[in-house]
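Trainee: Have a look at this one before I ask anything.
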Amino acid sequence: RKRIRIPFPDGRVIQNTQVQQTLVDVVNYADPILVLELNMTMSGTNIISSDPSIVQGENKWKPVEKGFYVNTGSSTADKHNQIKQINDSLGLGLKIDLI
């Protein structure tokens with residue numbers, strides 16, 4: 001099973017057993033509001049939402065900071081691409097490895 005490994009500039013390294021948690025960690029690091037403004041979509045919907053009617057009862061939506069949720073219902077490869085897009089678009093300077 002593939003995982004994503006990311007060393008952060010502060011020395012912290014994440015390599016979660018569940019890739020969805022890695023996406024959550026990166027969104028929190030980047031700031032959910034900035035990620036929301038990137039307008040990244042999955043199935044026609046932004047991957048970030050604060051609308052309870054969208055996320056209620058949906059296991060794929062995981063809470064992130066500032067009252068937002070991130071859609072983690074994509075494949076590992078798609079999450080890897082989403083994290084790379086967040087990194088590149090916001091200039092986070094993260095090294096993202098799919099292992």
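Trainee: Test of understanding: what is the full-extension gain from K66 to V13, defined as 0.36 nm times their sequence separation minus their Cα-Cα distance? Provide the component values of the computation, followed by the final result.
Mentor: Numbers: separation 53, 0.36 × 53 = 19.08 nm, distance 2.30 nm.
Extra length available between K66 and V13 comes to 16.8 nm.
Trainee: Give me the one-decimal nm value for the distance between modelled label points at K95 and K2, 7 Å along each residue's Cα-to-Cβ direction.
Mentor: Taking the simple label geometry, K95 and K2 are separated by 2.0 nm.
Trainee: For the chain, what does the helix formula give at 222 nm: sum of -39500 (n - 2.57) over DSSP H segments with n ≥ 4, over the residue count, nearest 500 deg cm²/dmol? Intermediate results must be reported in sequence, preceding the final value.
Mentor: Details: 4 runs with 37 residues, N = 99.
The helix contribution divided over the chain gives -10500 deg cm²/dmol.
Trainee: Over its Cα atoms, what ratio of radius of gyration to 2.2 N^0.38 Å does the stretch 60-99 give? Present the calculation step by step, with values, prior to reporting the outcome.
Mentor: Numbers: Rg = 11.3 Å, N = 40, 2.2 N^0.38 = 8.9 Å.
Scaled against compact globular proteins, the figure is 1.26.
Values quoted throughout were computed directly from the atomic coordinates according to the rules given, and no laboratory measurement underlies them. What you are looking at is a predicted structure, and each value in this text was computed from that prediction instead of being measured. Every residue, glycine as well, gets a Cβ built from its backbone with ideal geometry; the counts of neighbours run over all protein chains shown.
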